[in-house]
Amino acid sequence: MDYIKINPSDNVAVALTDLRAGEAVCGVTLQCDVPRGHKIVLQDLRAGENVIKYGFPIGHVTRDAAAGTMVDHSCIKTNLEGLLDYKYEPKISPLAPLGRNDKDALGGNGGDVISSDAEESFRGYRRADGQVGIRNQIWVIPTVGCVNGICEQIVARFKDEMPDQVRQDWESGVDAVVCFPHNYGCSQLGDDHRNTRTILADMVHHPNAGGVLVVSLGCENNQLDAFREIVGKVDESRVRMFVCQQVEDEVEYGLQQLREIYAVCSQDRRTEVPVSELRVGLKCGGSDGLSGITANPLLGVFSDWLVARGGTTVLTEVPEMFGAETILMNRCQDRATFDKTVSLINDFKAYFMRNDQPVYENPSPGNKAGGISTLEEKSLGCTQKCGSSLVRDVLRYGERLSVRGLNLLSAPGNDLVASTALAAAGCQVVLFTTGRGTPFGSFVPTMKISTNTPLAERKPAWIDFNAGVLAQDEEMEAVAARFTDYVLSVASGEPVNNEKHGIREIAIFKTGVTL
């Protein structure tokens, strides 16, 4: 199939490959060449009429568009404007996930019921606090950007001293010692200061870290004593903190602390744990016209599969919910969760408006080049990543997971900021769909899933799994089964590309002034 009409009520089709003028699509003849991912008009549209995709309006045409022509961002305008009033109209349907051992998935009210014979598991690190990590790493975290260089020196010295001790070992030992530099921790006020301290404290408690070394300068806003209070109780054999201004040789002191942490963490071993312990972040970036047809629906199938077995998935990128937010709101488990979702959406709209920025002009140049024209179109594709499960909880930025099932998280669409927020919430891995490609990685494994096969073939060092085969007539059930197996293998230790290439970063959400 070279094209797809996603919903029977759609008045456009989407090219699954580059199409040429003169070809027939859904009974109409193409009047021009149409690149992969772009939309083809199936009936004459007059200026002002809605373009329907996924069964929903994604905007209106700004000029007449004849059947067989292509419509893109140059001739479509969003229908969204201003703030909206929302009404809770629950639409809860039984969850029917596809994929591995689908026979085990019981029907239920939106995925409450866990498989009665859930044999799926992975090999993870059970921590003393009950959490499960899928990596056993030592993280060196600066409280302030002023000591980034010191942290990097400590890690470099440690790796030089013990080159054979830190390795990619799926079953035991420490698989990485990583420094996470950032620009913050001082000269910040209000929410920015809280965001920095909260995200760094979340990292200290993350189960993928077998040990943590926190390095402070001593004169920054993010004072170590106050930070310790935010972090709370820790295992002091695994978590160490010190102030550079209070020791004679900060690199040598930090190196000794790292040696002692390593001695403990190197004894850790993987054990079999149920898949219900898996907490997965759902993210997309560099989307194209196939994102909502291949990779995002694949994540939706996986999300439903995991939730049905008692696991947890988290959807974020609030600006990319605009235009599709009522779909999520009507899947909220109760009125209280609905109210939190309304606040999630309206608070982010108010953030845009406070900064005198347009609320509904979100698609990036890469999105537009890939065939996405309006925010509605982007959001309708984006939200498919969370399948059909009930929304169980809504998290503020920096808040950690406390409820199993599908959660929504407040964070912007920016790839690194949002992925960092997902990891900080407690996700052990981020599943990241992309139609354009990106090499980045957050502080947890960041798996790239391509929406199209040419990207996977062109960038094998970036892409971990190719969902583009779904546009080449491979069945969803087979692809979902293969994808599920791969995710569980990664959870059991198999490194993804960002880990193989040592690409690990953090980015903290900044909203205010810098002193």
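The values are calculated or read from the model by the stated rules, or taken from the named source; none is laboratory data. From a predicted model like this one, the values you see are computed outputs, not experimental measurements. Methodologically, a virtual Cβ is constructed for each residue, glycine included, from the backbone with ideal geometry; neighbour enumeration extends over all protein chains shown.
Taking the condition surrounded by fewer than 24 Cβ atoms within 10 Å (Cβ to Cβ) and within 22 Å of PRO90 (Cα to Cα), does SER343 pass?
Values: surrounded by fewer than 24 Cβ atoms within 10 Å (Cβ to Cβ): yes; within 22 Å of PRO90 (Cα to Cα): yes.
Against the criterion (surrounded by fewer than 24 Cβ atoms within 10 Å (Cβ to Cβ) and within 22 Å of PRO90 (Cα to Cα)), SER343 qualifies.
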Across (1) acidic (Asp, Glu); (2) crowded, with 23+ Cβ neighbours inside 10 Å; (3) on the phi > 0 side of the Ramachandran plot, ASP288 clears everything bar (3)
Of PHE352, PHE338, PHE348, PHE322, the only residue that is aromatic (Phe, Trp, Tyr) and within 20 Å of GLY289 (Cβ to Cβ) is PHE322
For the stretch 450-458, indicate whether the set of residues that are under 10 Å from the mean Cα position of the chain (by Cα), crowded, with 24+ Cβ neighbours inside 10 Å and at pLDDT 95 or above is non-empty.
no
Counting only residues that are buried (at least 16 other Cβ atoms within 10 Å of the Cβ) and touching an Asp or Glu at 6+ places or on another chain (Cβ under 8 Å), the stretch 243-270 contains a total of 3
Note on the stretch 342-380: residues part of a helix (DSSP H, G or I), of a type in the set (A, V, I, L, M, F, W, C) and over 20 Å from the mean Cα position of the chain (by Cα) are VAL342, ALA350, PHE352, MET353, ALA369
**Asked** If we scan the stretch 385-397, do we find a residue that is under 26 Å from VAL14 (Cα atoms) and in a helix (DSSP H, G or I)?
**Response** yes
In the set THR316, THR294, the lone residue that is in contact (Cβ under 8 Å) with a residue 12 or more places away in the chain, touching a Lys or Arg at 6+ places or on another chain (Cβ under 8 Å), buried (at least 21 other Cβ atoms within 10 Å of the Cβ) and not aromatic (Phe, Trp, Tyr) is THR316
Scanning the stretch 428-442 residue by residue, those out of contact with any Phe, Trp or Tyr (no Cβ under 8 Å at 6 or more places or on another chain), surrounded by fewer than 24 Cβ atoms within 10 Å (Cβ to Cβ) and farther than 21 Å from TYR3 by Cα turn out to be VAL429, PHE440
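Results for (1) surrounded by fewer than 24 Cβ atoms within 10 Å (Cβ to Cβ); (2) in contact (Cβ under 8 Å) with a residue 60 or more places away in the chain, shown as yes or no for each residue.
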| position | (1), (2) |
| --- | --- |
| GLU376 | no, yes |
| SER379 | no, no |
| CYS382 | no, yes |
| LYS385 | no, yes |
| LEU390 | yes, yes |
| GLY405 | yes, yes |
| GLY413 | yes, yes |
| LEU416 | yes, yes |
Looking at the stretch 180-196, is at least one residue hydrophobic (A, V, I, L, M, F, W, C) and in a strand (DSSP E or B)? no
Might you check whether a residue that is modelled with pLDDT of 95 or more and either of a type outside the set (S, T, N, Q) or farther than 26 Å from GLU272 by Cα (or both) occurs anywhere in the stretch 111-122?
yes
When every residue in the stretch 163-194 that is polar (S, T, N, Q) and farther than 22 Å from ASN148 by Cα is compared, the one modelled with the highest pLDDT is SER172
Note on LEU328: of the conditions (1) farther than 16 Å from GLY387 by Cα; (2) surrounded by fewer than 24 Cβ atoms within 10 Å (Cβ to Cβ), unmet is (1)
- For PRO445, indicate whether it is of a type outside the set (Asp, Glu) and surrounded by fewer than 22 Cβ atoms within 10 Å (Cβ to Cβ). no
Scanning the stretch 480-507 for residues that are crowded, with 22+ Cβ neighbours inside 10 Å and either at positive phi or more than 17 Å from the chain's Cα centre (by Cα) (or both) gives ALA480
Looking at the structure I just gave you, is PHE338 crowded, with 21+ Cβ neighbours inside 10 Å, aromatic (Phe, Trp, Tyr) and touching a Pro at 6+ places or on another chain (Cβ under 9 Å)?
yes
For the stretch 271-285, the count of residues that are surrounded by fewer than 22 Cβ atoms within 10 Å (Cβ to Cβ) and not β-branched (Val, Ile, Thr) equals 3
If you go through ASP235, ASP288, the only one that is at pLDDT 95 or above, more than 21 Å from CYS427 (Cβ to Cβ) and assigned to a loop (DSSP other than H, G, I, E, B) is ASP235
Would you be able to say whether some residue in the stretch 468-489 is over 30 Å from ARG404 (Cβ atoms) and among the acidic types (Asp, Glu)? yes
Pairing a residue in the stretch 255-280 that is touching a residue at least 40 places away in the same chain (Cβ under 8 Å) and within 20 Å of VAL490 (Cβ to Cβ) with any residue that is in a loop (DSSP other than H, G, I, E, B) and among the acidic types (Asp, Glu), where Cβ atoms lie under 6 Å and the two sit 6 or more apart in sequence or on different chains, gives ARG270/GLU171; VAL275/GLU120
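To keep it simple, each residue is scored yes or no on (1) among the aromatic types (Phe, Trp, Tyr); (2) under 23 Å from HIS206 (Cα atoms); (3) in contact (Cβ under 8 Å) with a residue 24 or more places away in the chain; (4) not in a loop (DSSP other than H, G, I, E, B).
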residue: ARG436; (1), (2), (3), (4): no, no, yes, no
residue: VAL444; (1), (2), (3), (4): no, yes, yes, no
residue: LYS448; (1), (2), (3), (4): no, yes, yes, yes
residue: TRP462; (1), (2), (3), (4): yes, no, yes, no
residue: ALA471; (1), (2), (3), (4): no, no, yes, yes
residue: GLU477; (1), (2), (3), (4): no, no, yes, yes
residue: ASP485; (1), (2), (3), (4): no, no, yes, yes
residue: LEU488; (1), (2), (3), (4): no, yes, yes, yes
